[in-house]
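Student: Before I ask anything, let me first share the structure, which is written out below as structure tokens.
The values are calculated or read from the model by the stated rules, or taken from the named source; none is laboratory data. Owing to the predicted nature of the structure, the values given are computational and were not obtained by experimental measurement. Using ideal geometry, Cβ is built from the backbone for each residue, glycine included, and neighbour counts are taken over all protein chains shown. Note: areas computed on protein heavy atoms with side chains; ligands, DNA, RNA excluded. Shrake-Rupley method; radii C 1.70, N 1.55, O 1.52, S 1.80 Å.
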Amino acid sequence: SAVISQKPSRDICQRGTSLTIQCQVDSQVTMMFWYRQQPGQSLTLIATANQGSEATYESGFVIDKFPISRPNLTFSTLTVSNMSPEDSSIYLCSVGVTPGQPQHFGDGTRLSIL
Amino acid sequence: SQQGEEDPQALSIQEGENATMNCSYKTSINNLQWYRQNSGRGLVHLILIRSNEREKHSGRLRVTLDTSKKSSSLLITASRAADTASYFCATVLIQGAQKLVFGQGTRLTINP
């Protein structure tokens, strides 16, 4: 199965700033996803990162707030822009090889906004 | 809103006992998956059950699926302290769909 490295593992940021989270996979994968997990909650899909084209965002998430890049089949970034305390969450990257089949997750980035 | 509802939200049992967690969903699915999340970590896939399957086993795990009731259960037998984690069900709505839709999760605590 794919090995996923996510950086940073945690950060504490000031409100109004932006943070970019990186997701590196040890093999080429077709699908990469970004999730948010608010404290004590389940996972909510932010967007699907598409290689070579704009990400596909879920309802309630917009590109200006969560710009995503995917320059190749092994790497993606998620930026959380103009952060507020409500953005304090765990952000997780996952990858999939076959649609509908199990995804493999990184360890997540625990983000706290002061 | 989330596709799945899980109950109980939290479960605390003694080591060696069996733990049962339930998941309900609202629309037709292609498959349903169970994941485990240890505190502060990512999710680990446990088991996948297809819509035409009723029961599946993997080691100490047993998953059932009742499509008429739109529900699934995860049974962990002979629980161990290392099973302490949050457990999530996730559904794939149609064949070929990429997205997973997660339930709310059950926080399981195994007391030694």
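Student: What are the residues in segment B:48-71 that are among the hydroxyl-bearing types (Ser, Thr, Tyr) and open to solvent by less than 60 Å² (accessible area, probe 1.4 Å), if any?
Tutor: Selection gives B:Ser51, B:Ser58, B:Thr64, B:Thr67, B:Ser71.
Student: Here is a follow-up. In this structure, is B:Tyr35 of a type in the set (Ser, Thr, Tyr) and under 10 Å from the mean Cα position of the chain (by Cα)? So that I can check it myself, show each step before the final result.
Tutor: Values: of a type in the set (Ser, Thr, Tyr): yes; under 10 Å from the mean Cα position of the chain (by Cα): yes.
Yes; evaluated as a whole, the condition is true for this residue.
Student: If you don't mind, there's one more thing I want to ask. Based on what the data block shows, is B:Lys99 touching a Lys or Arg at 6+ places or on another chain (Cβ under 8 Å) and of a type outside the set (Gly, Ala, Ser)?
Tutor: Criteria not met by B:Lys99.
Student: Next question, about the same structure. Could you figure out which of (1) more than 13 Å from the chain's Cα centre (by Cα); (2) of a type in the set (A, V, I, L, M, F, W, C); (3) open to solvent by 30 Å² or more (accessible area, probe 1.4 Å); (4) closer than 22 Å to A:Pro99 by Cα isn't true of B:Val44?
Tutor: (1)
Student: So, in segment A:90-110, how many residues would count as being under 11 Å from the mean Cα position of the chain (by Cα) and either more than 21 Å from A:Phe66 (Cα to Cα) or more than 7 Å from every other protein chain (Cβ to nearest Cβ) (or both)?
Tutor: Number satisfying all stated conditions: 6.
Student: Just to be sure, is A:Gly40 touching a strand residue (DSSP E or B) at 6+ places or on another chain (Cβ under 8 Å), modelled with pLDDT under 95 and surrounded by fewer than 13 Cβ atoms within 10 Å (Cβ to Cβ)?
Tutor: no
Student: Within segment A:91-99, can one find any residue that is in a loop (DSSP other than H, G, I, E, B) and at pLDDT 95 or above?
Tutor: no
Student: How many residues are over 15 Å from A:Pro102 (Cβ atoms) and either in contact with a Ser or Thr (Cβ under 6 Å, 6 or more places away or on another chain) or of a type in the set (D, E, K, R) (or both) when one looks only at segment B:68-92?
Tutor: Counting residues in segment B:68-92 that are over 15 Å from A:Pro102 (Cβ atoms) and either in contact with a Ser or Thr (Cβ under 6 Å, 6 or more places away or on another chain) or of a type in the set (D, E, K, R) (or both) gives 8.
Student: Further, regarding this structure: Output the residue which, of all residues in segment A:1-26 that are closer than 18 Å to B:Val44 by Cα and outside any strand (DSSP E or B), is least open to solvent (accessible area, probe 1.4 Å).
Tutor: Of the residues in segment A:1-26, the ones closer than 18 Å to B:Val44 by Cα are A:1-6, A:9, A:23-26.
Retained after the next criterion (residues that are outside any strand (DSSP E or B)): A:1-3, A:9, A:26.
Values: A:Ser1: 126, A:Ala2: 21, A:Val3: 83, A:Ser9: 78, A:Asp26: 98 Å².
Only one residue tops the list, namely A:Ala2.
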